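Here the structure comes first, spelled out in structure tokens, and everything after it is commentary.
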Amino acid sequence: MRTFFSSFNDFFSQKQDFALLCFRVAVGAMFMWHGFPKITGGPEVWIHLGSTMKVFGITAMPVLWGFMPAIIEFFGGLFLLLGLGYRFAALFLFCNMMMAFSTQLLSGTGLSKASQSFEDGFSFIAALGVGPGKYSLDHLLLRKRTN
């Protein structure tokens, strides 16, 4: 049994960069998909999103508060997918998801609704630590700079 687990771990350790690529493409594409209608929805959508800040007592500038998460979701997803500015994208997406989690929880939607934002957010914390892998633009650009 020990040999099986050792072989299993060795096999997947060799595929770590490919697994990171799969993670980046899947999660990045989904965040772009969620962010695109928020960006293109215009001020009406941004006001709706930004009005959730009232749970913190913030009622000023709902357009700005709604536009920011739309931009972060779409472009954060794009940068995540490409592995470009990966750790910054992961950090911004983490902050965005923690705000979503907080506003959902404080507005009374319950943990079952808010938990997805929490789970996504902490996936980005893991992404910060692990990095984008070698199949990323960050790796390509940083490798060229050091040579």
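Just so you know, all these numbers are worked out from the coordinates, no wet-lab data involved. Being a predicted model, the structure only gives us computed values, none of them experimental. Positions of Cβ are backbone-derived with ideal geometry, glycine not excepted, and every protein chain shown enters the neighbour counts.
Note on the chain: lysine pairs with Cα distance below 28 Å, sequence gap of 8 or more or different chains, count 6.
Helix screen, the chain: DSSP H segments with Cα axial length of 20 Å or more and mean Kyte-Doolittle hydropathy at least -1.0 are 16-40, 62-82, 86-106, 111-130.
Dipole size of region 35-144 about its Cα centre, with +1 on Lys/Arg Cβ and -1 on Asp/Glu Cβ: approximately 280 debye, rounded to the nearest 20. Given the options Pro132, Pro62, Pro37, which has the most mean-square fluctuation in a GNM of the chain, springs set between C-alpha atoms less than 10 angstrom apart? Taking springs between Cα atoms under 10 Å, the residue moving most is Pro37. A quarter of the convex hull surface defined by the alpha-carbon atoms of region 17-146 gives 8.3 nm² as the mean projection. Among all stretches of the chain without exposed trypsin sites (Lys or Arg not before Pro) (DSSP loop, at most 15 other Cβ atoms within 10 Å), which one is longest? Longest site-free region, per DSSP loop and neighbour criteria: 16-133. From helices alone, the chain scores -27000 deg cm²/dmol at 222 nm; the rule is -39500 (n - 2.57) for each run of n ≥ 4 DSSP H residues, then divide by the residue total.
Between Ser123 and Ala60, the modelled labels are 3.6 nm apart [label points 7 Å from Cα along Cα→Cβ].
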